[in-house]
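A short worksheet on the structure shown next.
All of the numbers you see were taken from the coordinates with simple rules; none came from a lab. Worth saying up front: this structure is predicted, and the values here are computed from it rather than measured. FYI the Cβ positions are ideal-geometry reconstructions off the backbone, even for glycines, and counts take in every protein chain you see.
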Amino acid sequence: MAISCVYCGATHDEAAQVRACWQRSEAGGTAQQLPVEAPADAVARPAPAMPVADAGPGPVELGRNLIIRPGQDVPPEWRDASRVTIEASDASSGRDLVDELQPLARARHRVVFELSPDAEAALDRPESTDAPPSEVGARFRFDRDDLRHLVRANSVDLTSGSPRWPLLDRAVTLGAQVVAEGAGDVVLPDGRR
């Protein structure tokens with residue numbers, strides 16, 4: 001049976017061989033380094049599908065956010081929401097911003113994110129590390145991934161001028177009907193909400 005070794009990057013037939021790699025790494029010996037492919041500079045995003053339904057804020061309990069461009073008007077439903085401007089530099093050193101936004105997300109507090117095209121491009125750049133999993137640990141997080149999730153996961157995107165929420169478009173494409181009031185955003189074809 002092949003055992004994957006986090007210390008040298010190879011596979012070994014016996015646990016004793018993995019242990020030997022571990023002992024060499026603990027003693028400061030050099031472990032074999034395998035080449036790591038660097039991520040592309042930009043993520044190829046699929047072309048957005050035509051909007052199917054205009055998205056709104058949904059029920060207050062959902063704490064749905066809004067993404068706008070700098071200087072863009074904020075719809076009345078989000079006028080009382082917190083406003084956060086995200087600069088391109090925030091994407092590369094976003095831990096403070098992540099720490100500020102996580103409590104708002106947990107409390108389902110609406111936020112208006114002002115996001116320039118440069119900031120959006122910076123937010124979309126992939127992150128990677130050459131550090132082995134055994135060094136970074138199980139709780140390792142990429143700050144930019146966390147920030148991207150907090151900005152996009154529960155947000156209506158108004159940057160194109162039309163309020164878009166991809167999950168709503170997908171639900172309508174699959175047969176759901178948009179509802180303006182009540183619990184949730186849609187009614188399923190069988191009448192359930």
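Please give the contour-minus-distance gain from ARG69 to ILE3: 0.36 nm per residue of separation, less the Cα-Cα distance, rounded to one decimal in nm.
18.8 nm
Which residue, chosen from GLY63, PHE113, VAL179, occupies the Cα position most advanced towards the positive end of the dipole of the chain, where the dipole is computed from +1 (Lys, Arg) and -1 (Asp, Glu) charges on Cβ about the Cα centre?
VAL179
Can you give me the Kirkwood hydrodynamic radius for the chain, using every pair of distinct Cα atoms, in Å to one decimal? Kindly include the intermediate steps, with their values, before the conclusion.
Details: mean 1/r = 0.0500 Å⁻¹.
Kirkwood radius, the chain: 20.0 Å.
FRET efficiency for ASP190 and ALA153, Cβ-Cβ distance as r, R0 = 30 Å, nearest 0.05?
0.65
Dipole magnitude of the chain about its Cα centre, charges +1 at Lys/Arg Cβ and -1 at Asp/Glu Cβ only, in debye to the nearest 20?
440 debye
Connecting C-alpha atoms closer than 10 Å in a GNM of the chain, tell me which of ASP157, ASP80, ASP90 has the biggest fluctuation.
Looking only at ASP157, ASP80, ASP90, the biggest GNM fluctuation is shown by ASP80.
Do the sum for the chain: with -39,500 (n - 2.57) for every DSSP H run of n ≥ 4, divided by all residues, what is the mean residue ellipticity at 222 nm, to the nearest 500 deg cm²/dmol? Could the numbers behind the result be given before it?
On the way: 7 runs with 59 residues, N = 193.
So the calculated ellipticity at 222 nm is -8500 deg cm²/dmol.
Once fully extended, how much extra length lies between GLU181 and ASP54, figured as 0.36 nm per residue of separation less the alpha-carbon to alpha-carbon distance?
Contour length minus Cα-Cα distance gives 44.3 nm.
Arrange the following residues from fewest to most other Cβ atoms within 10 Å of their Cβ: LEU150, LEU62, LEU104.
Starting with the residue having the fewest Cβ neighbours, the order is LEU62, LEU104, LEU150.
Scan around ARG83 for amide H atoms under 5 Å from its own, H built in the peptide plane at 1.01 Å from N, and keep only partners 5 or more places away or cross-chain.
VAL112
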